[in-house]
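Undergrad: Have a look at this one before I ask anything.
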Amino acid sequence: MEKIRLGLIGLGYIGKIHLKHCQKLKNAKLIAASDLSKKALKIATDAGVKQTFTDYEQLLRNSDVDAVIIALPTHLHTRCAKQAAEAKKHIFLEKPIARNITEAKEIISAARKNNIKLMMGYPLRFNPAFCKVKKRIDDGTLGEIEIANAAYISTGPFMHRAEAHTPLPVPEWWFNKELTGGGVLIDLGSHVINLLRWYFGEIANIKGHFGYRFNLDFEDSATCIAKFGNGTLAVINVGWFSQGYHLKIELHGSVRSFSANHSPSNPISTVIQTLTRGYSKFYEGHLAELQYFVNCLIKDQPPSPSGEDGLKDLEVIEQAYKNQIRLG
Amino acid sequence: MSLVSFVKVTYKHHDQLKQAIADSLNLIHYHFSSKLENIVIKPNMCYYWDYSTGQTTDPKFVAALIDVLREQISPDINISIVESDASAMKCKYAFKMLGYEELAQNYNVKLVNLSEDKHNTVEARASGQSFRFMIPQTIQNADLKISIPKIKYTMEKIKITCTLKNIFGCNPYPQKFKYHSKLGETIVAINKVMKFDLHIIDGIIVSGIQPRRLGLVMASTDPVAIDTAAAKIAGLNPKTIKYLQLAKKEGLGNTAFIPKGKPLEHFKPQYPKKNLQTKLMSKAYSIAVQTGLSKKLGLE
C-alpha cells in the first residue's frame, strides 16, 4: 500500500480529535467521514474531507476506503465493527472494545474471519511519559516492581461541552448503563488496566470497591486492587467526580521508585503548541497511536494493542465488578 | 434602605445550619405569614457540579431551610423545589446527581422541572428592550418564593452571579445560552415578572477563582441589595456591575443597604478573589470565546 485511505465513523468528542490528527498523519489521508449530525459533518468538510455520510454503511460501501476509525458510543461498536470487517476494512476501534465479553468476542471473530487488522485505541500506550515508564521497567533500573499506584481522575463525560459557543448537554447514552456497559471502571479504568497489563503482564486476581457520589446506577469512582502474575500488586483509582484532571502512575521497585503523569498544559502553552504544531501536546498519544496504526497497515504488521487486548481488559473489568469489596 | 444580614456558621451540621438561617431572618426582622400554603424554593443548580465546588446550592442547606419553614409556618406546608433545564444541564439528571432527589424523598417535598411545567407567556421590558418569557404555573401559584443562590464569579460580562441570576434560572426555556449577548438586561427583565419574596444566600462554600469554605449565610427581601453586598464580599465594585445598576434603575431594589449581624469586612478578605493574573486570563479568555479564537486554538 502506498497511502492508506481512512474513513472516520463518529464525530463526537473523540472523533473530532481524530479528525484533527488525521490531517497530520504521514502516508494516510482521511477521505470519508460519517456522523448523524450534519453540523459535525460540516466540520469534517471544512477540514477537507471529501465524502461525508449520515449513514456509516454508505462509507463502508466505498471501496476507496482501506481502513476505518470507529469512534462511536460503546453500544454501537459491535454492529459497526462487524460490518466494517465484513466490508474488509481494517479497524481502529476506540476503547472499550464493547459493552461485554460476548460482544468483544464477536468483533474479534469477525476481524479474524475477514482477515483484517484490528487495533484498540489506547493512547496512553503511545504517550511519551508512560512509554518512558515501560522502558524503565524493561531495562531493570527500577528492580522488581512490588507496588504500583495508578490514578485517573477527571470529569469523565460530565464535562461542560461547548460547540460554536453553545453549551451542549452530555449525550444521553452516557447515562444508560445498558449502553455503556458500566461506569468509570469501563471508561477510564480500561485505559489504566490496559497500560498496567502492558507493563506487568496478565492480572491474576482483581477486586474492586465502587463509589456512587452522583447517585446514578453506575459507579463514578472505583478503587481496585490487582495482583499480577509476575507478583506486582497494583492499586487502581479511577473517578469521574472531579472538575480537575489527574493521571499518574507511581511505581515502587526493589531498586527505586519512579512516577509519571499526564496533565493538560496551561492555556498559554496550549495556544503556543496549537500554533506551532497544529495540535495540543496533551493529545500527542492520540496522534501517535493513529500513525502507528497506519504504519502497521503499510508494513502489514499486526497492531498492538489488539482486539484480544481489548477483550482481556474487559475480562479483568468484569472480574472486578464481580469481586466487589464491600466496606459498608 | 433594605436590610441585609450576615451570619457566620462554622460547621454545617443540620441544627447549626437551621440556627444560622433562622438568625439571618431574625436580623432582617423577617416573619413568615401563617397563611402561607405553597412555597417555592429555587436553589442554584449548576450543570452537574455538586455543592462541594461552590457552584450549586447544598441540599443540606435547603433541608435546614425546609425545617425552619415547617417549624415557623406549619408542618403541612406544601414545598416545591424548582429548577429548569439549561443549555447543558437536564433537571432529570441534576436532581439525582446533585442530591435533590434524595432530599425530596427524605423531606417529602416536590421537585419541579419548570421546563416541563405549564406556563403563560408574558412580556417584560428592561433598558428599553422588550423580552418575552414563559412564566411557569408553579411559580405563579406560589404564595412565597425563596431564592437560595450561590455567590459566583462568571466569565460573562456580568462579572458575578447571585440571586438575580438564580431567578433567571426559573425561565423554562432550556437554551438559555441564546440570552447571553444581552444577559444583564434579560436577568433584570425576568426579575420584573418573576419577583421573589426572600433571598437567602448559601455562602457556606463560595466560588471565586476556586471554591472556599466561607461559612456565610446572608438574607434579605431585596434582591438588588443582597447582590450588591455579595459583590462587595467578592471584592468587586458594585458600581461597575451594570446589571445591578440597571436592576436598581428598573425598580427591583436598592444598591444601598443596612448591614446586620457580622460585619461584611469579616468575610471579604477570605473570599478567593481574582488577582491581576487571573483578571488578565479571564479577559483574554472572554475575548477568545467571543471571537471564536478559543476553538481554533484548542482552548475549548
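Undergrad: For the range B:1-18, name all the residues that are modelled with pLDDT of 95 or more and of a type in the set (Phe, Trp, Tyr).
TA: Across the range B:1-18, the qualifying residue is only B:PHE6.
Undergrad: Could you tell me which of the residues B:LYS279, B:LYS273, B:LYS262, B:LYS268 is modelled with pLDDT under 95 and within 26 Å of B:ILE21 (Cα to Cα)?
TA: Criteria check complete, one pass: B:LYS273.
Residues checked against (1) over 25 Å from A:GLY307 (Cα atoms); (2) in contact with a helix residue (DSSP H, G or I) (Cβ under 8 Å, 6 or more places away or on another chain); (3) in contact (Cβ under 8 Å) with a residue 40 or more places away in the chain:
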position	(1), (2), (3)
A:GLY12	no, yes, yes
A:ILE17	no, yes, yes
A:ALA28	no, yes, yes
A:ALA33	no, yes, no
A:SER37	yes, no, no
A:LYS42	yes, no, no
A:THR45	yes, no, no
A:GLY48	yes, no, no
A:ILE69	no, yes, yes
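Undergrad: Okay, moving on. I'm trying to understand the selection: among the residues of the range B:48-68, which are closer than 19 Å to B:ASP85 by Cβ and of a type in the set (S, T, N, Q)?
TA: Passing the criteria: B:GLN55, B:THR56, B:THR57.
Quick grid of which residues meet (1) touching a Leu at 6+ places or on another chain (Cβ under 7 Å); (2) closer than 23 Å to B:GLY235 by Cβ; (3) aromatic (Phe, Trp, Tyr):
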site	(1), (2), (3)
B:ILE146	yes, no, no
B:THR154	no, yes, no
B:LYS165	no, yes, no
B:TYR179	no, no, yes
B:GLY184	yes, yes, no
B:LYS195	no, no, no
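Undergrad: Tell me, please, whether a residue that is out of contact with any strand residue (DSSP E or B) (no Cβ under 6 Å at 6 or more places or on another chain) and either at pLDDT below 95 or under 16 Å from B:THR186 (Cα atoms) (or both) can be found in the range B:110-125. Even if it seems obvious, please write down each step before you answer.
TA: Step one: list which residues in the range B:110-125 are out of contact with any strand residue (DSSP E or B) (no Cβ under 6 Å at 6 or more places or on another chain), which gives B:113, B:115-116, B:118, B:125.
From what's left, either at pLDDT below 95 or under 16 Å from B:THR186 (Cα atoms) (or both): B:125.
Yes: one or more hits.
Undergrad: I'd like the full set of residues that are buried (at least 21 other Cβ atoms within 10 Å of the Cβ) and either closer than 12 Å to A:ILE325 by Cβ or more than 14 Å from every other protein chain (Cβ to nearest Cβ) (or both), limited to the range A:208-225.
TA: Hits for the range A:208-225 are A:GLY208, A:ALA222, A:CYS224.
Undergrad: Go over the candidates B:ILE209, B:ILE226 one by one and state the one that is of a type in the set (A, V, I, L, M, F, W, C) and in a helix (DSSP H, G or I).
TA: Numbers: B:ILE209 fails: in a helix (DSSP H, G or I).
Just a single option satisfies the conditions, and that option is B:ILE226.
Quick grid of which residues meet (1) under 28 Å from B:GLY215 (Cβ atoms); (2) assigned to a loop (DSSP other than H, G, I, E, B):
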{"site": "B:ILE81", "(1), (2)": "yes, no"}
{"site": "B:LEU111", "(1), (2)": "yes, no"}
{"site": "B:ARG125", "(1), (2)": "no, no"}
{"site": "B:ILE135", "(1), (2)": "no, no"}
{"site": "B:LYS145", "(1), (2)": "yes, no"}
{"site": "B:ILE167", "(1), (2)": "yes, no"}
{"site": "B:ASN171", "(1), (2)": "no, yes"}
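Undergrad: Quick test of your reading of the structure: B:LEU65 fulfils all but one of (1) among the aliphatic types (A, V, I, L, M); (2) within 14 Å of another protein chain (Cβ to nearest Cβ); (3) not in a strand (DSSP E or B). Name the failing condition by number.
TA: It is condition (2) that B:LEU65 fails.
Undergrad: Something else about it: Specify the residue that is farthest from A:LEU19 (Cα to Cα); the eligible residues are those in the range A:92-116 that are part of a loop (DSSP other than H, G, I, E, B) and either of a type in the set (Val, Ile, Thr) or under 17 Å from the mean Cα position of the chain (by Cα) (or both).
TA: Step one: filter the range A:92-116 for residues part of a loop (DSSP other than H, G, I, E, B), giving A:95-100, A:114-116.
Pick out the ones that are also either of a type in the set (Val, Ile, Thr) or under 17 Å from the mean Cα position of the chain (by Cα) (or both) and you get A:95-100, A:116.
Working: A:LYS95: 17, A:PRO96: 20, A:ILE97: 20, A:ALA98: 22, A:ARG99: 25, A:ASN100: 27, A:ILE116: 22 Å.
The extreme case among them is A:ASN100.
Undergrad: Within the range B:134-168, which residues are in contact with a Ser or Thr (Cβ under 6 Å, 6 or more places away or on another chain), touching a residue at least 24 places away in the same chain (Cβ under 8 Å) and within 14 Å of another protein chain (Cβ to nearest Cβ)?
TA: B:LYS152, B:MET155
Undergrad: While we're here: Would you please name the residue that is farthest from B:SER220 (Cα to Cα), looking only at residues in the range B:25-40 that are of a type in the set (S, T, N, Q) and either within 21 Å of the chain's Cα centre (by Cα) or surrounded by 13 or more Cβ atoms within 10 Å (Cβ to Cβ) (or both)? Walk me through it before giving the result.
TA: Start the filter on the range B:25-40 by keeping residues that are of a type in the set (S, T, N, Q), which leaves B:26, B:33-34, B:38.
The next check asks that each one be either within 21 Å of the chain's Cα centre (by Cα) or surrounded by 13 or more Cβ atoms within 10 Å (Cβ to Cβ) (or both); those that pass are B:26, B:38.
Working: B:ASN26: 11, B:ASN38: 20 Å.
Looking at residues that are of a type in the set (S, T, N, Q) and either within 21 Å of the chain's Cα centre (by Cα) or surrounded by 13 or more Cβ atoms within 10 Å (Cβ to Cβ) (or both), I get B:ASN38.
Undergrad: Now a separate question. Could you please find all residues in the range B:142-201 being surrounded by fewer than 22 Cβ atoms within 10 Å (Cβ to Cβ) and of a type in the set (Gly, Ala, Ser)?
TA: Answer for the range B:142-201, where residues must be surrounded by fewer than 22 Cβ atoms within 10 Å (Cβ to Cβ) and of a type in the set (Gly, Ala, Ser): just B:SER181.
Undergrad: Still on this structure, please answer the following. Among the residues of the range A:9-61, how many are of a type in the set (Ser, Thr, Tyr) and crowded, with 18+ Cβ neighbours inside 10 Å? Lay out the reasoning, then the answer.
TA: Going residue by residue through the range A:9-61, those that are of a type in the set (Ser, Thr, Tyr) are A:13, A:34, A:37, A:45, A:52, A:54, A:56.
Keeping just the survivors that are crowded, with 18+ Cβ neighbours inside 10 Å gives A:34, A:52, A:56.
Selection size over the range A:9-61: 3.
Undergrad: Evaluate the following for A:GLY183: is it of a type outside the set (A, V, I, L, M, F, W, C), within 14 Å of chain B (Cβ to nearest Cβ) and either within 21 Å of A:PRO305 (Cβ to Cβ) or under 18 Å from the mean Cα position of the chain (by Cα) (or both)?
TA: On the way: of a type outside the set (A, V, I, L, M, F, W, C): yes; within 14 Å of chain B (Cβ to nearest Cβ): yes; either within 21 Å of A:PRO305 (Cβ to Cβ) or under 18 Å from the mean Cα position of the chain (by Cα) (or both): yes.
When the stated conditions are applied, A:GLY183 passes them.
Undergrad: Which of the residues belonging to the range B:243-259 are surrounded by fewer than 20 Cβ atoms within 10 Å (Cβ to Cβ) and either at pLDDT below 95 or part of a loop (DSSP other than H, G, I, E, B) (or both)?
TA: Passing the criteria: B:GLU250, B:GLY251, B:ASN254, B:ALA256.
Undergrad: Considering only residues that are more than 9 Å from every other protein chain (Cβ to nearest Cβ) and under 14 Å from B:LYS159 (Cα atoms), which ones fall in the range B:171-184?
TA: Across the range B:171-184, the qualifying residues are B:SER181, B:LYS182, B:LEU183, B:GLY184.
Undergrad: Among the residues of the range B:16-33, what is the count of those that are part of a helix (DSSP H, G or I) and over 21 Å from B:MET1 (Cα atoms)? Step through it out loud before you land on a result.
TA: Filtering the range B:16-33 down to residues part of a helix (DSSP H, G or I) leaves B:16-27.
Within this subset, residues satisfying the condition of being over 21 Å from B:MET1 (Cα atoms) are B:16-22.
Going through the range B:16-33 one residue at a time, the tally reaches 7.
Undergrad: Could you pull out every one of the strands (runs of 3 or more DSSP E) wholly within the range A:209-328 that has 3 or more residues that are at pLDDT below 95 and either outside the structural domain of A:GLY181 (by TED's automatic domain parsing) or at negative phi (or both)?
TA: Values: elements: A:221-228, A:233-239, A:246-253, A:257-262.
So the answer is none; nothing clears 3.
Undergrad: Suppose we filter the range B:147-163 for residues that are among the hydrophobic types (A, V, I, L, M, F, W, C) and assigned to a strand (DSSP E or B); how many remain? Step through it out loud before you land on a result.
TA: Of the range B:147-163, the ones among the hydrophobic types (A, V, I, L, M, F, W, C) are B:148, B:151, B:155, B:158, B:160, B:162.
Next, from what is left, pick out any that are assigned to a strand (DSSP E or B): B:148, B:160.
Residues that pass the stated criteria total 2.
Undergrad: Also, I was wondering about something else. Which members of the range A:21-50 meet the condition of being touching a Gly at 6+ places or on another chain (Cβ under 8 Å) and outside any loop (DSSP other than H, G, I, E, B)?
TA: Filtering the range A:21-50 for residues touching a Gly at 6+ places or on another chain (Cβ under 8 Å) gives A:23-24, A:30-35, A:40.
A:LEU30, A:ILE31, A:ALA32, A:ALA33, A:SER34, A:ALA40 - these are the residues of the range A:21-50 that are touching a Gly at 6+ places or on another chain (Cβ under 8 Å) and outside any loop (DSSP other than H, G, I, E, B).
Undergrad: Within the range A:316-328, can you find the residues that are of a type in the set (D, E, K, R) and surrounded by 16 or more Cβ atoms within 10 Å (Cβ to Cβ)? Steps first, answer last, please.
TA: To start, the set of residues in the range A:316-328 that are of a type in the set (D, E, K, R) comprises A:318, A:322, A:326.
Once the filter is applied, which keeps residues that are of a type in the set (D, E, K, R) and surrounded by 16 or more Cβ atoms within 10 Å (Cβ to Cβ), the range A:316-328 yields only A:GLU318.
Undergrad: Moving to a separate point now. Looking only at the range A:62-118, which residues are within 22 Å of A:TYR13 (Cβ to Cβ) and surrounded by fewer than 20 Cβ atoms within 10 Å (Cβ to Cβ)?
TA: If the condition is that a residue be within 22 Å of A:TYR13 (Cβ to Cβ) and surrounded by fewer than 20 Cβ atoms within 10 Å (Cβ to Cβ), then A:PRO73, A:HIS75, A:LEU76, A:ARG79 are the ones that fit.
Undergrad: Using the structure shown, decide if A:ILE193 is part of a helix (DSSP H, G or I) and under 25 Å from A:MET119 (Cα atoms). Give the steps one after another, and end with the answer.
TA: Details: part of a helix (DSSP H, G or I): yes; under 25 Å from A:MET119 (Cα atoms): yes.
Answer is yes for this residue.
Undergrad: Of the numbered conditions (1) buried (at least 17 other Cβ atoms within 10 Å of the Cβ); (2) away from every other protein chain (no Cβ under 14 Å); (3) not β-branched (Val, Ile, Thr), A:PHE175 fails exactly one; give the number of that condition.
TA: Condition not satisfied by A:PHE175: (2).
Undergrad: Across the range A:160-172, which residue is modelled with the lowest pLDDT among those that are more than 7 Å from every other protein chain (Cβ to nearest Cβ) and on the phi < 0 side of the Ramachandran plot? Working first, answer last.
TA: The initial filter retains those residues of the range A:160-172 that are more than 7 Å from every other protein chain (Cβ to nearest Cβ), namely A:163-164, A:170-172.
Subset that is on the phi < 0 side of the Ramachandran plot: A:163, A:170-172.
Values: A:GLU163: 62, A:VAL170: 91, A:PRO171: 92, A:GLU172: 94.
For the range A:160-172, the residue satisfying everything is A:GLU163.
Undergrad: Return only the number of the condition from (1) touching a Leu at 6+ places or on another chain (Cβ under 9 Å); (2) under 20 Å from A:PRO123 (Cα atoms) that A:HIS209 does not satisfy.
TA: (2)
The values are calculated or read from the model by the stated rules, or taken from the named source; none is laboratory data. Only a predicted model underlies this, so the values are computations on that prediction, with no experimental measurement involved. For neighbour counting, all protein chains shown are included, and Cβ atoms are generated from backbone atoms with ideal geometry for every residue, glycine included.
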